[in-house]
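The values are calculated or read from the model by the stated rules, or taken from the named source; none is laboratory data. Bear in mind the structure is a predicted one, so any value in this text is a computation, not a measurement. Here the Cβ positions follow ideal geometry from the backbone for every residue, glycine too, while neighbour counts run over all protein chains shown.
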Amino acid sequence: MEGHYILKLNNKCNMNCLFCADPSSIRHLPDNELNSILNGLKENRKRFDSLIITGGEPTIYKNLFRVLRYAKGICKYKRICLVTNGILLSYPAFLNKVIEEGVDSFQISYFALNKEKHDALSRTKNTFYYVNNGIKNAIKSGKEVRINVVINKLNYEDLPLIVEHLIKLKVNSITLAFMNPVGESVKNGKSILAVPFALVMPFIKRSFDKAKELYFRELYIENFPLCIARDYIDRISDLRKPEENKDYYTSGKAKTKKCSGCIYNDNCDGVWQGYLNQFGGKELQPIKLKADVLDKNSIKVLNDDVLKEKGFLFNKYLFEIAGMGLGIKKASVFYLKKNELPSYIEELKNRGYYCEVSDFSYLTKNEITEKIDGQKKEGDYSLYVSKDEEICKRLKYLDYYHQFKIREPNGIDSRDMFFEIGRILGYPRCCSEFLLSCHDNREYENLSAESNKAYQDETIYKILALIKSHNVLYNLNNFSISYPSFFNFFVCKYDCENASNLTNKLLGYIKEKYPWEHKILVKDLKMPIIFFSAHRIIYLKNAVKKDDRVYYIGCSVRNELLHNLSKEKTGEFKKRFMMFSEGDSFKMDNDNISIYKNDKIIHFIKKEHQNDGIFIEFT
């Protein structure tokens with residue numbers, strides 16, 4: 001289910017934004033009936049896993065909590081996003097309540113850096129302070145916070161400063177959305193806030209330059225035709241929109257006659273009709289050749305290994321593709337949802353790969369991975385991929401007997417089977433030997449018992465590899481990396497020469513193909529962390545170890561890692577994170593963690609066992 005159900009609760013709003021595309025008359029319409037809303041939630045759950053709640057301003061809808069409770073508790077939507085102006089999030093009690101009832105993420109509008117411009121755009125007094133406090137509160141909650149900035153005449157020159165400000169607040173992503181010049185801003189047939197693309201693009205460039213400088217990768221633009229933003233095609237969020245919601249996102253857009261001559265006409269959503277009415281289409285220049293976009297400095301473009309049309313994101317397994325392309329791996333395994341499989345298989349076959357799908361799936365709940373026999377919708381399936389059809393089939397065959405621990409009918413020894421799988425997947429032999437030795441020497445069982453079996457395999461193997469290491473090489477960091485398949489096996493130790501040589505080859509490939517991503521990736525890999533488990537990691541900004549303390553100037557978590565945790569474990573971890581966010585240094589030993597602020601202990605954490613929190617510096 002790639003798309004999401006977009007639910008409009010109401011038309012009323014507690015602001016009166018000048019750039020709003022809706023006419024003010026719509027604000028007087030009555031709220032949508034609750035029964036109708038609940039029926040819509042129930043019916044659309046059959047089609048969608050995720051829900052986006054919008055308005056008007058949904059936070060002022062009188063039955064919001066009942067809607068959330070029904071959507072999460074009864075309909076079981078896996079992910080709920082609340083689109084809001086952020087005003088009511090400035091009240092902690094309200095924020096906590098919507099989170100308690102099921103909101104997983106917030107999309108918040110941000111207008112300007114100062115009160116004068118903000119209030120001029122919102123046409124509502126003092127909203128600047130409420131919105132800023134709402135954003136800060138939402139960030140502190142640990143939920144995903146995505147910011148949407150509507151580009152207009154009053155703020156376009158400030159975009160780089162706005163981006164810098166929001167990055168420093170530690171939002172998860174920022175989208176600079178080109179304004180639809182209709183609705184409230186239109187006077188005498190023209191929008192008084194509209195601004196042409198030509199004036200905006202230099203500030204878009206400066207915004208991306210600022211994001212690069214601050215190593216922030218989640219900056220996007222929206223409502224830009226591809227010919228105008230050809231240098232940022234990989235950053236255009238319109239290309240990532242689900243096909244199921246295409247009509248919603250393209251409503252109000254149009255194309256000119258010359259657009260038909262563009263090679264990306266089928267992929268481009270076009271331009272706001274209101275923009276064409278006001279400025280015409282002179283700026284639009286059809287892309288005739290792929291060379292117009294694909295140059296040596298291009299990072300991600302349509303039709304390459306990273307981004308495919310219709311929102312198909314290939315970068316999740318870029319490193320696996322690189323490994324096979326470099327000859328490191330004879331085959332690879334992708335872990336995908338059932339609905340993702342057809343798109344991946346089609347694309348991989350178009351690239352000359354053979355594919356096989358497992359007859360079982362995995363489901364991770366509360367850090368425990370459960371194997372599910374039979375073709376069901378839940379869980380992740382193993383997609384076996386290779387340029388060699390026989391190797392592809394062989395890997396699927398071996399993996400079945402290995403994963404289910406069933407005796408192979410031809411009498412292949414389980415250890416030989418394990419080493420053969422490792423060879424096919426490109427593992428150094430010491431990696432396979434390490435995994436077997438963990439069990440032969442009962443190291444795995446002993447560590448599992450020590451932690452009261454609070455860990456899944458991924459965490460235990462990492463801790464055992466740490467114990468064997470003298471250093472922790474940054475290129476072997478499979479703790480904090482946001483690319484799940486960069487190094488898709490467990491190393492015997494984190495200064496292993498064999499594994500390091502392989503990852504250096506992969507990093508060299510990325511540096512050559514995608515230099516901007518490489519710079520951010522290396523910064524990511526070198527960031528110190530506190531490792532509690534595979535799904536509980538705190539990232540420390542500018543951390544320095546001095547004497548027996550670690551000093552830092554900020555910390556963060558990645559919300560996507562928390563989705564596999566129980567509500568109880570998520571709550572416990574967020575409490576720990578809040579403790580660290582309030583401090584500026586900490587000290588750890590085998591039994592305790594002491595958190596300091598201005599050299600005074602402000603929090604004290606009693607460890608459940610000695611590996612309940614490991615500080616890691618990457619060299």
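Values as computed for the structure displayed
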| quantity | calculated |
| --- | --- |
| Selection from the range 22-32 of residues that are surrounded by fewer than 18 Cβ atoms within 10 Å (Cβ to Cβ) and either in contact with a strand residue (DSSP E or B) (Cβ under 7 Å, 6 or more places away or on another chain) or not β-branched (Val, Ile, Thr) (or both) | 22, 23, 24, 25, 27, 28, 29, 30, 31 |
| Neighbours by Cβ (under 7 Å, 6+ apart or cross-chain): first from the range 592-605, over 13 Å from residue 576 (Cα atoms); second part of a strand (DSSP E or B) and small (Gly, Ala, Ser) | 596/585; 601/594 |
| Residues (in contact with a Leu (Cβ under 9 Å, 6 or more places away or on another chain) and modelled with pLDDT under 95) located in the range 167-178 | 167, 168, 173 |
| Subset tally (residues that are exposed (fewer than 15 other Cβ atoms within 10 Å of the Cβ), in contact with a Gly (Cβ under 9 Å, 6 or more places away or on another chain) and either farther than 29 Å from residue 252 by Cβ or at pLDDT 90 or above (or both)) for the range 274-298 | 0 |
| Matching option when the condition is free of Cβ contacts under 8 Å to residues at least 40 places away in the same chain, within 28 Å of residue 6 (Cα to Cα), among the small types (Gly, Ala, Ser) and surrounded by 15 or more Cβ atoms within 10 Å (Cβ to Cβ), among 177, 254, 194 | 254 |
| Residues that are of a type in the set (Asp, Glu) and over 14 Å from residue 381 (Cβ atoms), drawn from the range 315-365 | 320, 346, 347 |
| Candidate set: the range 458-473, residues that are without any contact (Cβ under 8 Å) to a residue 40 or more places away in the chain and under 18 Å from residue 362 (Cβ atoms); chosen: the one surrounded by the fewest Cβ atoms within 10 Å (Cβ to Cβ) | 461 |
| Every residue from the range 73-93 that is over 21 Å from the mean Cα position of the chain (by Cα) and within 30 Å of residue 337 (Cβ to Cβ) | 73, 74, 75, 76 |
| Sole residue being under 18 Å from residue 84 (Cα atoms), of a type in the set (Ser, Thr, Tyr) and either crowded, with 17+ Cβ neighbours inside 10 Å or in the same structural domain as residue 52 (by TED's automatic domain parsing) (or both), chosen from 105, 185 | 105 |
| Residue within the range 565-585 that is in a strand (DSSP E or B) and either at pLDDT 90 or above or under 27 Å from the mean Cα position of the chain (by Cα) (or both) present | yes |
| Filter result for the condition that a residue is touching a helix residue (DSSP H, G or I) at 6+ places or on another chain (Cβ under 8 Å), surrounded by fewer than 20 Cβ atoms within 10 Å (Cβ to Cβ) and without any contact (Cβ under 8 Å) to a residue 40 or more places away in the chain, over 133, 114 | 114 |
| Qualifying residue in the range 48-62 (condition: under 24 Å from the mean Cα position of the chain (by Cα), in contact (Cβ under 8 Å) with a residue 60 or more places away in the chain and farther than 27 Å from residue 158 by Cα) | yes |
| Enumeration of residues in the range 326-340 that are over 20 Å from residue 394 (Cβ atoms) and surrounded by 15 or more Cβ atoms within 10 Å (Cβ to Cβ) | 336, 337, 338, 340 |
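Here's the yes/no breakdown for (1) in a helix (DSSP H, G or I); (2) among the hydroxyl-bearing types (Ser, Thr, Tyr):
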site	(1), (2)
7	no, no
12	no, no
17	no, no
22	no, no
25	yes, yes
31	no, no
39	yes, no
